Amino acid sequence: MSVQESADPSRTVVLPGREQGVELRESGDKGAGVFAVRRFRTGELVLAGAIGAELDRNDAHASQVALDRFVRHEGMMPSVNHSCDPSCGIRLNASGAHDLFARLPITSGEEITFDYAMRNHTVDHFPARCRCGSALCRGRITGWKDLPADRRNAYQGFVAPYLLTEPHAPARPGPA
Ligand SMILES: [Zn+2]
């Protein structure tokens, strides 16, 4: 049986109300984004993740949470934009979802971002050009498999653990 994704990846977000310290705002031409409303120290938990739905394949808003498992996070997590020089990194929490931790000091008003290569081995559902605007922008939103070695090193401690194991199972191509 195929669970068909609804075609509209719109950013309608139901806020669970337990997310404190961040809020949803418009982020220029990137659409919605998540922004800090207070300061965060390096290493501090910024946004705790919870799994909202299991997916049978990778897509633009899918989070890879294991070698061959893709989910949709609930709450604000799906609205957190990619950056090639992100303010946050990924750690898996006890529920198997992603938590975002500050990899740099974050000031109030700053956008919360992570590198999608920190969670997904393969990213192939995004437009050709990355719009993160960072000086370190690599031009395209790519997955871990295409991430340069210097960025892999820079992200140590902030990368989903299944990306560090080999071999990587490809996304299942068809209905499960
Ligand atoms: Zn970029």
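Output the residues belonging to the range 36-58 that are within 24 Å of Cys130 (Cβ to Cβ) and out of contact with any Pro (no Cβ under 8 Å at 6 or more places or on another chain).
Ala36, Val46, Leu47, Gly49, Leu55, Asn58
Do we have any residue at all in the range 105-114 that's under 16 Å from Leu45 (Cβ atoms) and among the aromatic types (Phe, Trp, Tyr)?
yes
Any residue in the range 75-90 that's among the hydroxyl-bearing types (Ser, Thr, Tyr): show its pairings with residues that are in a loop (DSSP other than H, G, I, E, B) and surrounded by fewer than 23 Cβ atoms within 10 Å (Cβ to Cβ) at Cβ separation under 6 Å, as long as the two are six or more apart or on different chains.
Taking only residues 6 or more apart or on different chains, the pairs are Ser79/Arg11; Ser79/Val13; Ser83/Cys132; Ser83/Ser134; Ser87/Leu104.
From Ser83, Ser79, Ser95, which residue is in contact with a strand residue (DSSP E or B) (Cβ under 7 Å, 6 or more places away or on another chain) and within 15 Å of Val159 (Cα to Cα)?
Criteria check complete, one pass: Ser83.
Since every read-out is calculated from the coordinates, none of them should be taken as a lab result. Predicted, not measured: the structure shown is a model, and the values here were computed from it. Note that we place each Cβ from the backbone using ideal geometry, even for glycine, and neighbour counts take in every protein chain shown.
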